[in-house]
Amino acid sequence: MQQLAGVTATLLTPTFTQFDYYNSQVGGLELTLQDDLSPGDRQVIEEILAFYAGRYGTPERRPAMVSSYTA
């Protein structure tokens, strides 16, 4: 995601306290999109999210003050 100009990806801390080999070691991914992100780049982001939604379930989206989503 962060390879797209205008996208910042931040890894969130997991909420569980004990290590579990079968759990993700990441609590989530927060994407911050610049307002002037091109429609083509927005489409690429949607396609990437759709791919992972097909494998792991639909991500939770939380609109923030700027165009940010947590997945």
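Pairs linking a residue in the stretch 31-46 that is of a type in the set (S, T, Y) to a residue that is modelled with pLDDT of 90 or more and outside any helix (DSSP H, G or I), with Cβ atoms under 6 Å and 6 or more positions apart or on different chains, are T32/T8. T58 meets the conditions (1) at pLDDT below 80; (2) in contact with a strand residue (DSSP E or B) (Cβ under 9 Å, 6 or more places away or on another chain); (3) not hydrophobic (A, V, I, L, M, F, W, C) in every case but one. The failed one is (2). Applying the selection to the stretch 36-63, what residues are over 17 Å from L12 (Cα atoms) and in a loop (DSSP other than H, G, I, E, B)? Scanning the stretch 36-63 gives D36, L37, S38, G57, T58.
Table: residues versus (1) small (G, A, S); (2) open to solvent by 60 Å² or more (accessible area, probe 1.4 Å).
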{"position": "G6", "(1), (2)": "yes, no"}
{"position": "V26", "(1), (2)": "no, no"}
{"position": "D41", "(1), (2)": "no, no"}
{"position": "F51", "(1), (2)": "no, yes"}
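The values are calculated or read from the model by the stated rules, or taken from the named source; none is laboratory data. Note that the structure is predicted; figures quoted are calculated from it, not measured. Quick reminder, even Gly has a Cβ in these numbers, built from the backbone with ideal geometry, and neighbours come from all protein chains shown. Accessible surface areas use protein heavy atoms only, side chains included; no ligands, DNA or RNA. Shrake-Rupley method; radii C 1.70, N 1.55, O 1.52, S 1.80 Å.
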